[in-house]
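Below is one structure, written out as structure tokens; the observations come after it.
The values are calculated or read from the model by the stated rules, or taken from the named source; none is laboratory data. It should be emphasised that the depicted structure is a prediction, and the values quoted were computed from it without experimental measurement. All Cβ positions, even for glycine, are placed from backbone atoms using ideal geometry, and neighbour counts span all protein chains on display.
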Amino acid sequence: MKRMMALAALVVLTAACATTGGGAGAAKAGNGLPLSLAGDDGAQKGLGPLADPVLPESKCGMLLWTLEGARPAAIFRFVSGGEAEINFSGRPVILSLAEFSGASGYGVYEKQRFTSAEGLQMEITARFGLEFNNGAYLEKGLIRITDSAGWSMVAPTAGIAGCR
């Protein structure tokens, strides 16, 4: 069963890495206006699927996903030595790495904290799991997002750290 899961995840990674793209949304992201987890109507906002969930060619980094209904959806991308990207309430947001600790591989750490110009802070924790060619699975992941007003949300994740 573990081999089947590993093969399925590798197929997902290969398909994602084979896609070309330069993060078209990234150029439009980050106008510096504060983002809030609470909407005007009191409804909570949150993470959505990324428009371009791939690592650039010849780069290392991390992709994380969570379930959206019954299907996995890529919600976080980090390019080692560069920036991270999320889709927050339908809008691409660029984040910068602020702190990191723990075990590392492929330019990724077990605990990382990111910040955005819009006032979001994101803490990501994950454990390195089974390794594969040019990467490793990330298990028991958790994303915690806090806005400038102190509101926060938590989402479970899984993913990969690797190089393309």
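What to note about this one:
- The stretch 143-164, residues that are touching a residue at least 60 places away in the same chain (Cβ under 8 Å) and not in a strand (DSSP E or B): Asp147, Ser148, Ala149, Trp151, Arg164
- Residues (under 15 Å from Ala161 (Cβ atoms) and either surrounded by fewer than 17 Cβ atoms within 10 Å (Cβ to Cβ) or among the hydroxyl-bearing types (Ser, Thr, Tyr) (or both)) located in the stretch 112-128: Thr125, Arg127
- Subset of the stretch 147-164 that is of a type outside the set (S, T, N, Q) and more than 15 Å from Tyr137 (Cβ to Cβ) - its residue that is surrounded by the most Cβ atoms within 10 Å (Cβ to Cβ): Asp147
- Filtered residue count, the stretch 39-63, keeping only those that are at pLDDT 85 or above and over 18 Å from Thr146 (Cα atoms): 15
- Checked against (1) in contact with a strand residue (DSSP E or B) (Cβ under 7 Å, 6 or more places away or on another chain); (2) under 18 Å from Ala158 (Cβ atoms), Gly69 passes all but a single condition, namely (1).
- Residues that are of a type in the set (Phe, Trp, Tyr), touching a residue at least 24 places away in the same chain (Cβ under 8 Å) and part of a strand (DSSP E or B) within the stretch 85-142 comprise Phe88, Phe114, Phe128, Phe132, Tyr137, listed in sequence order.
- Subset of the stretch 152-164 [in contact with a Ser or Thr (Cβ under 7 Å, 6 or more places away or on another chain) and farther than 14 Å from Arg77 by Cβ]: Ser152, Ala155, Pro156
- Positions within the stretch 43-80 being crowded, with 16+ Cβ neighbours inside 10 Å, among the small types (Gly, Ala, Ser) and assigned to a loop (DSSP other than H, G, I, E, B), in sequence order: Ser80
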